[in-house]
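Read through the structure below, which is laid out as structure tokens, and then see the notes.
The values are calculated or read from the model by the stated rules, or taken from the named source; none is laboratory data. Bear in mind the structure is a predicted one, so any value in this text is a computation, not a measurement. Note that each Cβ is placed from the backbone with ideal geometry, even for glycine, and that neighbours are counted across all protein chains shown.
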Amino acid sequence: MSSANLRRTPDATEYHDSVREALVEVAENSFFAFVDPVEPEAAGEVLSMAPGWLQATVVFEGAFGGAMQIALAEPLAVELFASFLGLDPGEVPDDARLFDLVGEFGNMVCGSWLTRNCQRRRFDLRHPEVVRLTSDAPPRTEAALLVVTLNGQPACLRLTFSEA
């Protein structure tokens with residue numbers, strides 16, 4: 001039996017700190033947003049504050065495979081859009097442009113995390129898929145690896161791995 005067949009599927013909790021670091025790096029350096037942690041016992045209340053959500057899913061394959069999902073409160077997504085592109089804060093983009101930006105945010109966080117953890121291994125990232133979650137179904141806290149606020153607005157990150 002070769003060692004390649006003994007590959008272990010990672011556990012998302014192993015990567016909590018490095019995912020948080022990647023999120024902070026992208027949010028602060030590219031989107032001029034400040035990240036604050038949310039205590040697990042407050043996560044449900046914080047996530048229920050948002051009137052609606054946009055969720056980006058970035059699938060990656062390589063040394064191991066999986067997906068990173070980042071859900072942003074829709075007003076936060078609009079704010080990040082304006083910050084990233086240097087627009088007036090009140091400008092509301094059309095859905096296509098907003099979805100592109102949320103996908104790019106997810107792509108940047110996932111890419112930063114993979115680069116930080118797996119410098120010598122190759123990964124392929126698929127084009128991000130972005131969906132609008134229904135307003136009565138915020139991201140589930142039990143599935144979240146990380147719940148934070150960006151500029152005081154909620155965001156949720158989930159990391160899952162494919163079976164080895």
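Of (1) farther than 19 Å from THR13 by Cα; (2) in a strand (DSSP E or B); (3) hydroxyl-bearing (Ser, Thr, Tyr), THR57 satisfies all except one. Which? Here THR57 meets the rest and fails (1).
So which residues in segment 31-42 are assigned to a loop (DSSP other than H, G, I, E, B) and touching a residue at least 60 places away in the same chain (Cβ under 8 Å)?
Taking segment 31-42 first, the residues assigned to a loop (DSSP other than H, G, I, E, B) are 32-34, 38-39.
Those that are assigned to a loop (DSSP other than H, G, I, E, B) and touching a residue at least 60 places away in the same chain (Cβ under 8 Å): ALA33, PHE34, VAL38.
Note on segment 88-104: residues that are touching a helix residue (DSSP H, G or I) at 6+ places or on another chain (Cβ under 7 Å) and outside any helix (DSSP H, G or I) amount to 5. Would a scan of segment 119-127 turn up a residue that is in contact with a Cys (Cβ under 8 Å, 6 or more places away or on another chain) and of a type outside the set (Phe, Trp, Tyr)? The answer is yes, given that some residue of segment 119-127 is in contact with a Cys (Cβ under 8 Å, 6 or more places away or on another chain) and of a type outside the set (Phe, Trp, Tyr). Once segment 106-133 is narrowed to residues that are touching a residue at least 60 places away in the same chain (Cβ under 8 Å) and of a type in the set (Val, Ile, Thr), the residue that is nearest to GLU61 (Cα to Cα) is VAL109. Residues of segment 86-101 being modelled with pLDDT of 90 or more and of a type outside the set (Lys, Arg), which ones? Result: ASP94, ASP95, ALA96, LEU98, PHE99, ASP100, LEU101.
Taken together, GLU28, GLU45 contain a single residue that is surrounded by fewer than 17 Cβ atoms within 10 Å (Cβ to Cβ), in a helix (DSSP H, G or I) and modelled with pLDDT under 95, which is GLU45.
For segment 72-91, the condition of being surrounded by 11 or more Cβ atoms within 10 Å (Cβ to Cβ), under 18 Å from VAL131 (Cα atoms), free of Cβ contacts under 8 Å to residues at least 40 places away in the same chain and not aliphatic (A, V, I, L, M) holds for at least one residue.
All conditions but one from (1) part of a helix (DSSP H, G or I); (2) under 15 Å from ALA22 (Cβ atoms) apply to GLN119; the one that does not is (1).
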